[in-house]
Each structure stands twice: as structure tokens, then as C-alpha cells.
Amino acid sequence: MRPSSRWTPYVLVGPAVAFFTFVVGLPLLGTIALSFASWTGTNRMTFIGLDNFVRASGDEVYRGAYLNTFLYIAATLVLEVAVGFALAGLVSVRGRRTGWYRITFFIPVMLPMVVIAVLWSFIYADDGGLINSFLGAIGREDLQHVWLGDPSTALMAVSVVSGWVYAGFYMAIFYAGLQRIPQHLLEAAELDGASERDLFFKIKVPLLRGMTEVAVLLCVTGAFATFDLFYVMTNGGPDHATEILTTYIVKIVFRDHEVGYGAAMSVIMTAVVVVIGMIYVRLRRGGGLDVEY
Amino acid sequence: MTTISLAFIVPLVWMVMSSFKTQQQIFDSPWSLPTSIDLSVLATAWERGGFGTYVGNSIIVTTVAVCSILLFGAMAAFALSRLKFRLRGFFLVFLALGLLLPVQSYFVAQSSLLNAIGINDTLLALIIPYIGLGLSLAVYLLKAYLDTLPSELFESARVDGCGDLRMFVAIVLPLIRPGLATVAVFSILSAWNEFLLATLYIQSDEYKTIPVGLVAFTGRYATDYPMLFAALSIITIPMVGIYVIFHRQVTSGLTEGSLR
Amino acid sequence: MHGTHRLARRMTAASVAVILAAALAGCSSSSSTPAASAAAPSGSAAAPSGSAAAPSAGSTEPFTIRVAFGSTGEAVDGVFTELKTAYEAKYPGRTVEIVVQEDDTYETIGLNNLLTSRNAPDAYFEWPGARLATKVTDGYGADLTAAVADPRFTSRLDPAAYAGMVIDGKTYMIPWSGDVTNVFWYNKALFAEHGWTPPATWDEFMALCAAIKAAGLTPIIDGNKDLWPIGSIASHLAERTVGNDAYMAAIRGEQPMNSPEMVAAFGKIQELAQNGYINKGVNALPDDQATTQFLLGKSAMIGIGSWLVSDQLTQAPDLQLGYFNMPTFPGAGDPKSVLGVSTGFAVNAHSEHPDAAIDFLAMLVAPEWSKRFAEEGLTPMTIDPFAGVDADPNTVSLATLLSTAPVKVTPADNLSVQRAAEFYGAAAAVVGGLKTPQEALDAAQKRVEQLPK
């Protein structure tokens, strides 16, 4: 539709664009600018060209943070999206009263991550923690671990918590999608002798493909941005086994006061995320982020 | 199914129960039930932690941010969905960038920017970023919702002489109520539970929000486990209660908007 | 069409201008921040006078000063609250806001955030040495040289107490408490029951741990989530092995950290880990939880500093604590060296009421308050801190240990924040059995070499 006057569209988008520019746009440019400098936040800024980037490429902890982040993404795709999908399938079986379960699975999503992090720190505690004392009680001391202190289990332990929180979220989204599948389709298939499993894998799964793609994108971008859980539970330990990009950048900028170096790390990360976004757009059939021109 | 749902519920119930135990009991027998339920420990935790302040701040920040997100998001979504104008494409891509970029891409300079204009360590230092961050998703969802509406609705109004702004107020806002509900749910959840920016930008105790206040409390009372769990419980129980009561609205808001 | 082109161009020009302005504002010296906070409406009713040196005695406007520190336990925190009440009674019209944070948060990002916040503290707790020097360079340290010449301070503090607090001939800090950063504490009753005695040499120490373990108890517990507990032990082991000068040179980056002698020092940490003499979950446990667990009897010993007394008085008043210093072994260091550090309070150079802050610090070291702190398990740096005080015998004993030590070893994180982080990280890797001493120190040295000069 043509606008009623030349300036009304800009009045309408104005505030949003203004906030966004101030909150994201300018800081983004500012971060890029800072990445070429050396600055502690209070002293004089000096321009050092690409030194920060060179340093970042040789920084083992930084590289390790990428590995940890990707492992975390993989884990959460399974624990959140796949489990959420499965849960949605379970609660949407016709004829079962599942309202109570749906509520329960969703509760963790409402809570502040810090509550969850503190709670699960106790569950995972080495001596006196719920899991280890339970294992001890059933005579399986051999399975006891220092969940958060052992590099081989720490990242997985944190990922499980993430799954506990967000599986319900993805369940809710997929459930809504499943509800939209026309009943007559499912009924006809049942009449033809399809089992619940057939219904799930042959009808529900394919029809939810679009929704799955969005869920995957949400999960991946969310995983890059994650901070609260890791900061409170392990803060990157033990020995950087759970050091993700955010915790490391926060340490470098706010503990070590190396703003320029932190900015450079952010810039590299932004580039990585943009590349992933572009790959995602390519892979999606039907193209684009549903952004129509 | 029941076992799965137990896995979800048990940790939370354990947390509440533990706040009624003594220090020694928590250590020696984590799975046992408390010997007595003394609700005053919750009141003590509330007072000692000064949670009244934190809750107040969270309410202010969340309310202002979410209302702004809804209003400005709806305005922009309408223009981007229904009006043809130059820069439309550019703005779409610009705002979509916010969906992709994690906050780490820019928070380093963002804190310097807030410091430079002197609003650091005030509630504005949270409100403004929360609005900016929430707008991307808001515009995306609302625009998608508007796109599904038939054009005749708008065109006939235009024929009747309705200008853009009037159309926004009189037609668009009422129509997108379900979409607004979705955006509201998402925005309220993220603003209420947001931790990274709240930790970095707010130092004074009087401006802290719930997540930050909670962590500060757990730091100071790290060794008083009953008190710790009590604090966690007083945050959790009301939120769970609100959700259970309003769960229909919450999930339908969530799901309505995610369907296109 | 023209209009939108121009609009777009103008918007771009405006954005560029804003970015430049922001960058310039950020680039300028730290005076921009206090200017903003002084101009912005704050809670304080004091008139924004530029003269920070003006004595507030004549001022009639009520104002608030903020004192910030990291918590060392409820007992000591409580004394500050009492002190606040007394100060407010003595100086009507002034209020004190006590800002206390969790101590690890304060040490890492908390204090720095506070100093750049809108309600920055007027006086704040800090460690002398590298950390104080950074604060002064960044413009947060007020020159207290004139203030400390006042009898309020000279009568209470020996010049030696100001070690590390004087930079270029100027004093920037008032000494407050002396801590022994690490000794090994033990449960006296438990030891007596089993006939164990505190060890003098490292071999005796290992034998003791073996005996404790054989009795089915955890020998040592520590909570190394924040890296400094084991890191402090590593610092002391390093000094005992290579001597204080070599140790400090290594932490300052003048010598490599992965010398064979350092690797040997870390070998002792490995010994503890491999033999199961230290709790397996050491790296996941926060230090205050380790303290609580020790006080609840979960282990026979804990390696932690002199402030344990304060926690013990609050959490387990009936527990009988004993301690022993780092056991001796062949090495270049002094076998009687003590790992310790003094701490104090600095005054914010941007404070609007530095004299009021100094008044508070004067009360801090005054006899009656020094006495209160001593009663709660602290070792004040004042002259004769325990006179007439019913102080815990362990506190007095540790204070003597520290003051009579031939060599006082500074923990690494007071020598250099970033290099200490790598050093402590290496110690954590070794105590957790994740890396061998050689691997851990090699990795640490490599990262230290990557740090900007």
C-alpha cells in the first residue's frame, strides 16, 4: 500500500530504528573500532592495527571456547530441540489428557537462569550433592563423578541443565504446530491402519519442517549468546573446559581490562555468526528469513 | 511420561524442601524430608536480601521495556508490512540483524556508550538496551502476523480516507492482539530474567534487578544453605504460581505467534 | 525520492557524528565519568563544589559517604555496621553507606564496576602492591600523605605497616588488616583422638595424610573454584623451592614460569592430588563452601588463610582449631617464610568528601574499633592490636607468625593479576589431575608470553 504521506512510514519505524541503532548499531560499529585499539577503559587509547586479531588467533583458550560453544550447540540441539520435539509428540497423542504434563515441562523456562544454576550446582555437588548421594544410596559409587570439576563431564553437565530448562520451550512450540495439523488427515491415516509411530514419523515430522528450521536457528543463536548458566555454575572452569565465548570475553574486558582485545574477539565471533546465518539461509529451501521485500 | 515429568519437578520441590532443613541435615541426608516446616525462614531471606528493592526494580524495568517494545514494534511492523516506501528493504535487513547477532557482538562498546552519556548504573541503562534488543523479535513476529492478514482490510480503510497513523491505531492494534500477546510473553521473560547486562551495567544495590540481587545474595550467604534455598524458593514459587494460573495465556500467546 | 536520499545521507552523517562523539568521550581521560556523575542528579544533596579538598567541617548540608569492601564473613561485616552507627553519631549530618560484595566478585569485577558506577565509593578496600598501583594509575587513588601525618594515624600505625602502600614517596592507603594467606588448619579434637600431630617437614605431612586417609577420612579439603586457594599454596611452594626473589621474578614475567624448579614445586601439588590427599571436587567447590564443610567435620584439614578464625567463631564456635605453616623441604627458600599480605583502604580520588572518608578510616584504626575487629578474628595492622582484647589465640598466634617472619611471601595475585591468573590456572590443572606440572606450567608460560607488554 502506498503510504498516506511521505513521512508517516518513517514516523512509524522511527522509534524502533532509533533504539536499535543506539543499542545495537552504534555499539557494533564501536566494537569494531575498538578492536583495532588497545584500551583499559580509563587510560589513553592507542591504535594497534591488527595486533589484537593476531593475538586472538594464537589464543588457545579463545580457540577452545569455539570448540566448547560448538559442542554446546550440538548438545543443546539434541537436548532441547530434539527432546522438545519428542515431548511434543508424546503430549499430543490424541485421547490422552496431557495438560498437566505440558505445564510441568514448561515451568523451568519461566525461571531466572541464576536460580537454576545455583540449584543444579547443588545437585551436581561432589559431596552431598543429590546425584552423587543418590548413586551412593543405590550402591553405584562407581558412577559418582565430580560432575562440574571433571573436564570430561563438566560441559555435558551444564548442557543437560540447559536441556532441562529449554526442552519444555521447544515442546510448546512444536506442540502448537502439531495442533494445527488437520485432524482429518490423522484420522484418515489411522483408518488406513497407521500406528502412532507411523503418524508421528510419516505425517507430523515432515509437516513441521518449517517450524523445525526456525527452532534450530533459535537454538543456535541462543547458544552463542548463553552466559548466565555457565557464569554461575562454572565460570569457564575447570581449566577452561567450560569456557565459552561470552565468559572469556567478559573476563578479558571486565577483569583484565583489555577492552580492545575483547572487542577483537567479539568481532571475530560476529563474523562467524554471520557466516553461519548465511549458510542457514542458503540451506533453507524457500530461502530467506521470511524477510520479504 | 510420569517419570519424565518427575525429572522436571523433583529438583524444584527439593529446593523448597531444603530451605526448611538445617545446615547439617542438608549435608548429611540431602534426600530426607525436613523435620518441620517453618515458613519464617522465607520471610528472613526476603528481608535480609532486600528483595523488595530488587522486585520493584525488575517490575519497573520490565514494564517500561515491554510496553515500549510492543508499541514501537507494532508501529514498525505495520510500516514494514503494509507500506511501500524507500529504505523499507534496508530497515528490514537492519532489524533482522538483531535476530542473528548475539549480545557479545556489541556489549563491549555498549557499556562505554552508556557510560559516555552518563546513564550507567541507572534503570535506564537496562531499559534502553532491553528495548533495543527486544525490538528485532517483536518486529519480526508482528510483521509475520500482519503479513497473513488480508490486504482488503487495509485497502478498504484507505479508500475510506484513513491515514496511516489513524489506521495504525484504529485497525492494526486491535487486529494484532494475539501477536502482541506472543511478543509480550517473550519480552517479559527475557527482560525479567536477563542477567548479563544487569550484572555489568548496574553496580548500586538500589537499582539491582532480581537475577543480580539473587546472585549477590547467594554470594554473601553461600554458606548458609537453608537461607540460600529459601531465597531461591521465594523467587521461584510465585513465578511458578503465576505460570500455573495463567498457563493458557502464556502458551497460547507463545504458540499463536509462532504459527504463520 | 530526493527527500529520502537526503534523509538517508543525513542519518548516516548523524550516526557517524554520534560514533565519533562517543569514541571521543570514551577516549578522554577518566574525568568524563565523574563529571557525568557529578552533574547527573544523584541522591547526595551536597552541592557539586569542584574543590574536593575543602574541609567538610563547616558544611551544613547532609551527605553520604560510601565505603566498599568484599565480605570476609558475617562477623567482620557486623563490625562495620557498628562502626557506621558510631560514625554517624559522631558526625551528625553524615551518613555512611556500607557496600559489601561477595569477596571473589569484588576482587575480580566488582570493585572496578563500583568505581566506574554512578555512586562510586569514597573509600574502598584494596590490596597493596600491583593492584593499588593500577588504581593509582587509573586515577582512583587519592594522595593520603598529608592525612597520615595526622596523630590519629601516626599514633596507631607503624611506618612499616605501610609497605606496598607507598608509591613514589606518596601514601595511598591506610593499612587495615594483616592476613596470613595460607596455612594448614586442623581439627584439634580429631587429631587428639587419633594421636596425630602437626607435621614439620613435607615428608611428615605426606605420612600424616596417608594415616588420615587410612582412617577413612578426607585429609584436606579446599574449594578452588576461584583458583586462589590452591594458587596461594602454589605461591608458597614456589617460594620455598626457588626463593622469594626468583619466585617474584617469575610472576613478574622477568623469568620463565616453567623452569625445572617450578615444575618440581608443582610436583608437590601433584603429589597431593595423585595420592587422594585432597578432595576430588576441589576445582568445582567454592572456597566458602569448603570452609563450611571443614567446619562441619567433612575433612581433617583445610588449607586457607587466617580469616578462618572469623568463620569458625560464627559457624562452629566450639570447634578447636590448630594450624601449621607450610611444612619444610629442601629448597632455596626460607623454611620459616610466611605467605601473607596486608590489606587496607584507599580513598577514591574522585570522591566529593575525601576528608569525611578519611575520618571514617581514622575510626577504623582507632583503639576501640581495632579491638572489635580483633575480637572477631581479624589481625589489625595497628600497634599492639591485641592489647586488652579477648582475641582468639589462633589470631594472636598468626599475627605473631606474620610479624616475626623472616620472609613475607606475597601471593601471586597481588604481584600481577594476569600472570597470576595463568599461574593459578596451572596449579588448578595440576590439583585436578588434568595436567602434569610440566604441561601446566608450559601452557601457562606460553599464554604469559602472549600478554601485551
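Values quoted throughout were computed directly from the atomic coordinates according to the rules given, and no laboratory measurement underlies them. None of these values were measured; they are calculated from a predicted model. Glycine gets a Cβ as well: all are built from the backbone with ideal geometry, and neighbour counts include every protein chain shown.
So the values come out like this:
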item	result
Max mean-square fluctuation residue, GNM over chain B, Cα-Cα springs under 10 Å, options B:PRO129, B:PRO174, B:PRO11	B:PRO11
Amide proton proximity set for C:TYR323, modelled H, under 5 Å, gap of 5+	C:TYR186
At 1.306 mPa s and 10 °C, Stokes D of the stretch A:61-162 from Kirkwood alpha-carbon radius, µm² per second	100
For B:TRP31, A:TRP120, order by how many other beta-carbon atoms lie within 10 Å, fewest first	B:TRP31, A:TRP120
Cut-off 13 Å (backbone N to label point 7 Å along Cα→Cβ of B:LEU175), residues of the stretch B:80-118	B:80-83
Acute angle (nearest 10 degrees) that the helix C:74-90 long axis makes with the longest principal axis of chain C, alpha-carbon atoms	40
Per residue convex hull volume, Cα atoms of the stretch B:103-219, in Å³	136
Links that overshoot a 21 Å alpha carbon limit, given the list A:LYS251/C:LYS225; C:LYS188/C:LYS213; C:LYS298/C:LYS371; C:LYS336/C:LYS371; C:LYS135/C:LYS225	C:LYS298/C:LYS371; C:LYS336/C:LYS371; C:LYS135/C:LYS225
Among C:323-334, B:181-192, A:255-266, the order from most to least packed when residues are scored by Cβ within 10 Å on average	A:255-266, B:181-192, C:323-334
Farthest toward positive dipole pole in the stretch C:236-331 [+1 Lys/Arg, -1 Asp/Glu at C-beta], among C:GLY276, C:ALA316, C:MET326	C:GLY276
Selection from A:PHE36, A:LEU90, A:LEU135, by position along the positive dipole direction of the stretch A:13-139 (Cβ)	A:LEU90
For the stretch A:2-153, size of Cβ-based charge dipole, Lys and Arg +1, Asp and Glu -1, in debye	1140
Shielding by partners - mean other protein chain Cβ count within 10 Å, residues of B:136-145	2
For residues of C:435-447, the mean tally of beta carbons on other chains within 10 Å	1
Total charge dipole magnitude, the protein assembly as shown, about the Cα centre, Cβ charges on Lys, Arg, Asp, Glu only, Debye to nearest 20	4260
Relative contact order (%) - chain C, alpha-carbon pairs under 8 angstrom, separation at least six	24
Computed label-point distance, nm, for sites B:THR63 and C:GLU439 using a 7 Å Cα→Cβ extension	5.6
Chain C: antiparallel DSSP beta bridges as a percent of all, rounded to 5	55
GNM flexibility winner over chain B from B:SER32, B:SER58, B:SER81 (Cα, springs under 10 Å)	B:SER32
Surrounding net charge for A:PRO238, when Lys and Arg each add one and Asp and Glu each subtract one, Cβ distance under 14 Å	-3
Overall form of the stretch C:153-220 per C-alpha gyration tensor (a/c, 1.5; a/b vs b/c)	prolate
FRET efficiency estimate (nearest 0.05) - Cβ-Cβ, B:ASP160 to C:LEU451, R0 51 angstrom	0.15
DSSP bridge pairs, the protein assembly as shown: antiparallel proportion in percent, nearest 5	60
Chain A: relative contact order as a whole-number percent, Cα under 8 Å and 6+ apart	30
Fluctuation leader among A:PRO238, A:PRO15, A:PRO27 - chain A, Gaussian network, Cα springs under 10 angstrom	A:PRO15
Cα gyration tensor shape of the stretch C:320-453, rounded if a/c is under 1.5, else prolate or oblate by comparing a/b with b/c	oblate
Inter-chain shielding of B:230-239 (mean C-beta neighbours from other protein chains, 10 Å cut-off)	3
Protection-proxy order for peptides C:125-136, C:412-423, each taking the mean of Cβ atoms within 10 Å per residue, highest first	C:412-423, C:125-136
Shape category assigned to chain C from the gyration tensor of Cα positions, a/c cut at 1.5	oblate
Summed residue charge, Cβ within 10 Å of C:LEU115's Cβ, Lys/Arg positive, Asp/Glu negative	0
Computed [θ] at 222 nm, helices only, for chain B once each DSSP H run of length n ≥ 4 contributes -39500 (n - 2.57)	-24000 deg cm²/dmol
Rg and Dmax of the stretch C:107-176, Cα atoms only, in Å	12.6, 36
Rounded FRET efficiency, nearest 0.05, which uses the C-beta distance separating A:ILE279 from A:LYS202 and R0 of 30 Å	0.55
Student exercise, chain C dipole from Lys, Arg, Asp, Glu Cβ charges, in Debye to nearest 20	1380
